[in-house]
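Just below is one structure, and these are the notes that go with it.
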Amino acid sequence: MATEAKPAAPTEDPVKLAEFEARCDRGETIEPKDWMPEKYRRQLTRMMSQHAHSEVVGMLPEGNWITRAPNLRRKMCLIAKVQDEGGHGLYIYCGTETLGTDRAELIDQYLYGTAKYSSIFNYPTLTWADIGVIGWLVDGAAIVNQTMLAHASYGPYARAMIRICKEENFHKRQGYELCATLARGTPAQKAMVQDAVNRWWWPSLMMFGPHDTNSPHSADLLRWKVKQKSNDDLRQRFVNLTVPQAQAIGLTLPDPDLKLDQATGDWKFGEIDWSEFNAVIAGNGPMNRERIAARRKAHEEGAWVREAAAAYAAKHQPAAGQAA
Amino acid sequence: MSTPLFEYLLRLGDDRLILGHRNAEWCGHGPILEEDIAVANVALDQTGEAQLLLNLAGQIEGQGRDADQLAYWRDETQFRNLQMLELPRGDFGFTMVRQFLFSAHAHFVLEHLASCPHDDLAGIAAKALKENRYHLRHSSEWVVRLGDGTDESHRRIQAALDELWPWTVELFYEDAVDAALKAEQIAPDQAAIKPKWEAMVTEVLTRATVQPPKGPMRMVGGRKGRHTEHLGHLLAEMQIVARSHPGASW
Ligand SMILES: [Fe+2]
Ligand SMILES: [Fe+2]
């Protein structure tokens with residue numbers, strides 16, 4: 001995240017800035033036409049577009065199993081899920097555009113620039129069980145984060161989160177049910193789902209980002225009520241929710257330090273391997289290159305389609321209703 | 001022991017299973033996000049239709065096989081889909097031209113089946129007819145837009161049409177299975193559908209400024225289980241997980 005280009009901080013009108021911050025404090029919603037400090041606009045554009053890219057890149061690891069889904073019901077559920085993620089991407093791109101940067105430029109920033117997407121999607125999906133575990137853990141972690149963002153100060157983002165959370169909840173339930181089915185299945189199925197949990201558990205915890213003390217953008221985002229809770233608080237909430245779910249279906253989580261703190265009711269967990277997190281963020285995770293390569297390929301191979309649609313629309317201006 | 005109706009339902013079901021599979025391959029790889037979503041929608045409809053048709057086939061057969069068993073545990077020579085539908089997805093233009101040629105034909109077939117005397121089949125056909133209207137509109141709009149877009153898109157749509165056209169002969173294939181079901185007013189008469197299909201296709205291709213090639217048609221055999229080399233690979237991928245775990249539930 002530190003690699004992002006940082007234009008000099010603009011000097012804001014102090015009166016307007018104070019008024020804006022007072023609005024945030026009162027819990028008011030900021031709308032696209034309202035005055036906002038440039039830094040707020042930039043931070044939100046970064047955060048929302050990163051979220052949109054994540055939805056789209058997230059289509060790849062799960063899409064990897066559509067053609068191998070083991071029955072027709074699961075195949076349809078998976079197609080529908082991946083399709084939902086595309087819809088989330090589209091919806092959040094539209095929300096981001098209200099801040100003044102258009103989708104084509106945002107997409108350019110992650111395909112060819114330094115914009116990020118969630119590190120979780122840089123891990124490979126190796127077995128069918130990964131589809132269940134992603135729904136359960138990855139969508140589950142996303143829900144914890146997005147439930148908070150549904151109260152974000154920026155109206156279009158908050159509204160997108162409310163709508164998206166409903167679908168993420170459905171994905172999570174479906175993923176958990178898939179895991180439960182495998183966990184009570186044949187020995188091979190049970191081994192497959194346990195192995196998938198072992199691989200996805202720590203990367204899921206990393207989804208909440210660095211410790212708050214190391215999170216470069218956290219202070220601003222908290223002050224402006226974009227975020228309402230810290231990374232560590234959200235991570236703890238996710239662990240507390242997930243441990244009993246794992247127990248209920250007879251799966252273990254790969255952390256010998258996991259134990260219930262009777263005083264707080266929190267499940268204490270071991271230290272995250274931040275060197276792994278940093279390596280993935282820096283572009284050196286197991287699948288970073290493949291994910292970006294696949295997205296670039298789709299984008300570049302689709303260029304002729306987009307150009308043709310534009311050319312056709314231009315030719316048939318009067319009958320504008322026919323265009324895409 | 002297979003009855004004409006069982007065979008006929010396999011043909012209808014396999015068409016949708018295999019084309020839906022090919023369309024689903026676009027998920028995450030489309031030219032614009034809107035199309036990832038739209039093509040996935042089509043794939044979902046088709047897979048759902050396949051499930052209904054194959055379940056009905058299993059019921060008619062009466063040996064306890066359901067759609068999953070038929071989809072995942074038959075070998076390639078037991079599949080009855082049109083060969084055109086198993087060809088690799090190609091570029092986006094190829095996918096749209098194929099969808100259009102198929103959906104235009106499916107429209108007339110489903111229209112007939114939706115009012116046939118077999119209630120279960122008629123019900124599925126009515127649902128599929130509605131879904132197919134969207135597939136037909138979506139694909140024909142893209143064929144026109146791309147055919148009449150840029151020089152490159154025009155060239156690609158013409159190339160896709162040149163490649164696909166010779167396979168379309170199979171859309172109108174009929175044998176004893178059709179004859180038996182025509183006698184019961186279930187299956188439509190392909191000879192009657194052909195001019196309607198041609199009129200619909202010509203109208204769209206004219207707007208798209210492309211033309212069907214003049215050359216000979218292909219030798220085809222999908223309805224009898226004679227396929228291209230592509231189907232085996234498609235099924236190897238589709239069936240791998242299910243067949244690696246016999247008896248497992250998912
Ligand atoms: Fe999502
Ligand atoms: Fe999701």
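The values are calculated or read from the model by the stated rules, or taken from the named source; none is laboratory data. Because the structure is predicted, anything quoted here is derived from the model rather than measured. As a convention, Cβ positions derive from the backbone with ideal geometry for all residues, glycine included, and neighbour counts pool all protein chains shown. SASA here: full protein model, heavy atoms, side chains in, ligands and nucleic acids out. Shrake-Rupley method; radii C 1.70, N 1.55, O 1.52, S 1.80 Å.
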Sites excluded, GluC sites (Glu not before Pro) in DSSP loops with at most 15 other C-beta within 10 Å, longest stretch of chain A: A:29-270
Partners for A:Lys259 among aspartates and glutamates (Cα-Cα distance below 15 Å; same-chain residues under 8 apart left out): A:Glu271
At 0.890 mPa s and 25 °C, Stokes D of region B:103-250 from Kirkwood alpha-carbon radius, µm² per second: 137 µm²/s
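Quote the Stokes-Einstein diffusion coefficient, in whole µm² s⁻¹, for region B:4-244, based on the Kirkwood radius over alpha carbon pairs, a temperature of 25 °C and a viscosity of 0.890 mPa s.
So the translational diffusion coefficient is about 136 µm²/s.
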Coil-residue trypsin sites (Lys or Arg not before Pro) of region A:234-264, DSSP, other Cβ within 10 Å capped at 15: none
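Enumerate by residue number the GluC sites (Glu not before Pro) in region B:144-250 meeting two conditions: DSSP loop (anything except H, G, I, E, B), and at most 11 other Cβ atoms within 10 Å of the site's Cβ. Write out the running numbers ahead of the final one.
Values: sites: B:Glu152, B:Glu163, B:Glu170, B:Glu174, B:Glu184, B:Glu198, B:Glu203, B:Glu229, B:Glu237; in loops: B:Glu174, B:Glu184, B:Glu229.
Those satisfying the criteria are B:Glu229.
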Whole-percent pair-distance distribution, where bins are 20 Å wide, for the alpha carbons of chain A: 29, 56, 14, 0
Candidates B:Pro212, B:Pro195, B:Pro88, ranked by Gaussian network fluctuation over chain B, Cα under 10 Å, top entry: B:Pro195
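Can you pull out the chymotrypsin sites (Phe, Trp or Tyr not before Pro) in region B:1-54 whose DSSP state is coil and whose Cβ has at most 14 other Cβ atoms within 10 Å?
none
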Whole-Å distance, taken between Cα centres, linking region A:197-227 and region A:106-157: 12 Å
Between region A:9-47 and region A:62-81, the alpha-carbon center distance in angstrom: 43 Å
Total lysine pairs whose alpha carbons fall under 23 Å of each other in region B:4-244 (8 or more apart, or interchain): 11
Listed residue pairs exceeding 25 Å between alpha carbons, taken from A:Lys75/A:Lys190; A:Lys166/A:Lys297; A:Lys225/A:Lys268; A:Lys172/A:Lys227: A:Lys166/A:Lys297; A:Lys225/A:Lys268
Between region A:251-297 and region B:170-230, the alpha-carbon center distance in angstrom: 54 Å
Rel. contact order, % - alpha carbon contacts under 8 angstrom, at least six apart, region B:4-244: 25 percent
Accessible area per residue in Å² at 1.4 Å probe, computed on the protein assembly as shown: 42 Å²
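Report Rg/Rh for the protein assembly as shown, rounded to two decimals, where Rg is the Cα radius of gyration and Rh the Kirkwood radius.
On the way: Rg = 26.3 Å, Rh = 25.9 Å.
Rounded to two decimals, Rg/Rh equals 1.01.
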Nearest-ten-degree value, helix B:151-164 long axis tilted from longest Cα axis of chain B: 30 degrees
MRE, 222 nm, helices only [DSSP H, n ≥ 4, -39500 (n - 2.57), over the protein assembly as shown, to nearest 500]: -20500 deg cm²/dmol
For A:Ile30, residues with placed amide H under 5 Å, excluding near neighbours: A:Tyr154, A:Gly155
Protein accessible surface hidden between B and A, which excludes ligands and nucleic acids, total in Å², probe 1.4 Å: 4100 Å²
For region A:219-272: relative contact order, % (alpha-carbon pairs under 8 angstrom, 6 or more apart): 24 percent
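Under 1.5 on a/c is rounded, so check that first for region A:174-304, then, if it is not, pick prolate when a/b is larger than b/c and oblate when it is not; a ≥ b ≥ c are the square roots of the alpha carbon gyration tensor eigenvalues. Walk me through the numbers before you get to the answer.
Values: a/c = 2.03, a/b = 1.10, b/c = 1.85.
Oblate, because a/c is 1.5 or more while a/b does not exceed b/c.
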Whole-Hz ³J(HN,Hα) from phi, Karplus 6.51 cos²θ - 1.76 cosθ + 1.60, for region A:42-58, glycine and proline x: 5, 4, 5, 4, 4, 5, 5, 5, 4, 5, 5, 4, 4, 4, 6, 5, x
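How large is the convex hull of the C-alpha atoms of region B:1-133 per residue, in Å³? Walk me through the numbers before you get to the answer.
Numbers: hull volume 13.5 nm³, N = 133.
Cα-based convex hull of region B:1-133, divided per residue, equals 102 Å³.
Sequence gap at least 6, Cα distance under 8 Å: using those rules, report the relative contact order of chain A to the nearest whole percent.
Numbers: 363 pairs, mean separation 58.5, N = 324.
18 percent.
Rounded to a whole number, what % of the accessible area of region B:4-244 do carbon and sulfur atoms account for, probe 1.4 Å? Write out the running numbers ahead of the final one.
Numbers: 4820 of 9140 Å².
Carbon and sulfur together cover 53 percent of it.
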Charge sum, other residues only, whose C-beta stays under 13 Å from B:Met238's C-beta, Lys/Arg counted +1 and Asp/Glu -1: -1
